[in-house]
Amino acid sequence: MQREDHIIVKRSHAALHEYPVVISLTVEWGDQDSFAHVNNTVYLKWCETARVAYLGKIGMWQLIRSEGKGPILASLGCNYRRPVTFPDTVQIGARVAKVGKSSFRMEHAVVSMAQDIVVAEADSTLVFVQYEGVKSLPLPPGMREAMAKIEGRSL
């Protein structure tokens, strides 16, 4: 189930200045593991939440509902720089780094507000598909244009 408590922030941490979509999430006690820091899988969920917010900003949900087409996650990686502990608030940035014919690569940065520093960086590759049959498709021109608009640069 997707968390609904995220907020797309207007004033983000300076380290997230280059990210067109930034969300803020509260670190929950249950996000921690037995080592008393946030479990590595939680960082991936945070990035997913930011990625979903980004896709919403470019109008992806209308395309999925009307045509049964959209992105699926093909790969995901994360570099953990510092542990995060409760209590804290994190800001997660999402941006598109590269656009191909049928795929695009996103980058994410996670900032601990308590530590005032980037604590993790992640990247994900998404492939545009027809969901029925999971067939790869070229990115629709409107999608590329929406990404370029939100990024403020050509892709």
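The values are calculated or read from the model by the stated rules, or taken from the named source; none is laboratory data. The model shown is predicted, which means the values in this text are computed figures rather than measured ones. Reconstructed Cβ throughout: ideal geometry from the backbone, glycine too, with neighbour counts over all protein chains shown.
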Answer yes or no as to whether LYS10 is at pLDDT 95 or above, in a loop (DSSP other than H, G, I, E, B) and not small (Gly, Ala, Ser). no
Which of the residues that make up the stretch 20-52 are out of contact with any helix residue (DSSP H, G or I) (no Cβ under 8 Å at 6 or more places or on another chain), more than 23 Å from LYS10 (Cα to Cα) and surrounded by 15 or more Cβ atoms within 10 Å (Cβ to Cβ)? GLN32, HIS37
I'd like the residue in the stretch 53-63 that is in contact (Cβ under 8 Å) with a residue 60 or more places away in the chain and over 14 Å from ALA122 (Cβ atoms) and, out of all such residues, is surrounded by the most Cβ atoms within 10 Å (Cβ to Cβ). ILE58
With the first residue restricted to the stretch 24-52 and required to be in a loop (DSSP other than H, G, I, E, B), and the second required to be of a type in the set (D, E, K, R) and surrounded by fewer than 21 Cβ atoms within 10 Å (Cβ to Cβ), Cβ contacts under 8 Å at 6 or more apart or on different chains are VAL27/ASP88; ASN39/ASP33
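Test GLY93 against the criterion of being closer than 17 Å to ILE64 by Cβ and either of a type in the set (Gly, Ala, Ser) or at pLDDT 95 or above (or both), and give yes or no.
no
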For the stretch 96-117, indicate whether the set of residues that are out of contact with any His (no Cβ under 8 Å at 6 or more places or on another chain) and either at pLDDT below 95 or among the aromatic types (Phe, Trp, Tyr) (or both) is non-empty. yes
Hey, can you tell me all the residues within the stretch 69-91 that are in contact with a Ser or Thr (Cβ under 7 Å, 6 or more places away or on another chain) and in contact (Cβ under 8 Å) with a residue 60 or more places away in the chain? ASP88, THR89, VAL90, GLN91
Looking only at residues in the stretch 59-77 that are within 15 Å of MET147 (Cα to Cα) and in a strand (DSSP E or B), which one is nearest to the chain's Cα centre (by Cα)? PRO71
Which of the numbered conditions does ILE72 fail, given that it passes all the others? Conditions: (1) closer than 19 Å to ASP116 by Cα; (2) touching a strand residue (DSSP E or B) at 6+ places or on another chain (Cβ under 8 Å); (3) loosely packed, with under 15 Cβ neighbours inside 10 Å; (4) not basic (Lys, Arg). (1)
Which one of these is modelled with pLDDT under 95 and of a type in the set (Phe, Trp, Tyr): TYR131, TYR80? TYR131
